[in-house]
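Chemist: The structure that follows is given in the form of structure tokens.
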Amino acid sequence: MEQKSTFWKSAMTYGIYLAVALILYNVVLYVLGESMNQTLGLVTWVIMAVGIYLCQKSYRDTELGGYIDYSKALGFGVAIMLFAGVLNALYSVILMKVDPSLMEQIRIMQEEALMQQGLSDDQIEAAGEMMNKFQSPLLIVISSLFTFAFIGFIISLVTSIFIKRKADENAFDEAMGEVKSEE
């Protein structure tokens, strides 16, 4: 039971750290006027991947004695992203209240993308109306949670491969360490 409580507490703590890093990066982009730059937006993925990896590694080494199985590492990565998603959703809602022009910029970008795909004006207008329905704060928070959990799952599928460590994998190294210390 003790291990389960540290799982969620640690996931929340690391999720807060990751969310702060993501929010700080987004604030820098916003201040520089580059919040709509899709290329710089890819750096967010790097921050998430590195953050999940480091958090999983720290959890494994500090709280689990250096051992974690693949499924627990995967679940921990998703849990981290769930907590990070909550804070990022709140940041997004606050930012959209402070600067309502962001939603208009997003709408314009999406309309341009739809035009490039060759959609008719009626189809673009229908898509715009659908997008307007999803601009409520509650829907932004819910979609952010699902998005962050999904991204966390995808990233953790990869990072967990490198984080997993079974207790018996280091048995040889430990035995050799004991032999060397006796000499």
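The values are calculated or read from the model by the stated rules, or taken from the named source; none is laboratory data. Only a predicted model underlies this, so the values are computations on that prediction, with no experimental measurement involved. We place every Cβ from the backbone using ideal geometry, glycine too, and count neighbours over all the protein chains shown. The accessibility values were calculated without ligands, DNA or RNA, using every heavy atom of the protein model including side chains. Shrake-Rupley method; radii C 1.70, N 1.55, O 1.52, S 1.80 Å.
Chemist: List, please: which pairs have Cβ atoms under 8 Å, are six or more places apart or on different chains, and start with a residue in the stretch 4-30 that is closer than 18 Å to THR147 by Cβ and end with one that is buried (at least 17 other Cβ atoms within 10 Å of the Cβ) and of a type in the set (Val, Ile, Thr)?
Modeler: Listed by first residue and then by second, the contacts come to ALA11/ILE80; GLY15/ILE80; GLY15/VAL86; LEU18/ILE52; LEU18/ILE80; ALA19/VAL86.
Chemist: Another one. For SER101, work out the one condition from (1) under 19 Å from VAL158 (Cα atoms); (2) over 25 Å from the mean Cα position of the chain (by Cα) it doesn't fulfil.
Modeler: (1)
Chemist: Where residues in the stretch 6-59 are of a type outside the set (Ser, Thr, Tyr) and outside any helix (DSSP H, G or I), which of them is most open to solvent (accessible area, probe 1.4 Å)?
Modeler: Top of the filtered list is LEU32.
Chemist: Quick one: how many residues across the stretch 141-170 are without any contact (Cβ under 8 Å) to a residue 12 or more places away in the chain and under 16 Å from TYR59 (Cβ atoms)?
Modeler: 0
Chemist: Does the stretch 124-180 hold any residues that are in a helix (DSSP H, G or I), within 25 Å of PHE83 (Cα to Cα), modelled with pLDDT under 85 and open to solvent by less than 50 Å² (accessible area, probe 1.4 Å), and which are they?
Modeler: ILE140, VAL141
Chemist: Considering every residue within the stretch 91-102, establish whether at least one is crowded, with 16+ Cβ neighbours inside 10 Å and closer than 20 Å to TYR14 by Cβ.
Modeler: Looking for residues that are crowded, with 16+ Cβ neighbours inside 10 Å and closer than 20 Å to TYR14 by Cβ, one finds at least one in the stretch 91-102, hence yes.
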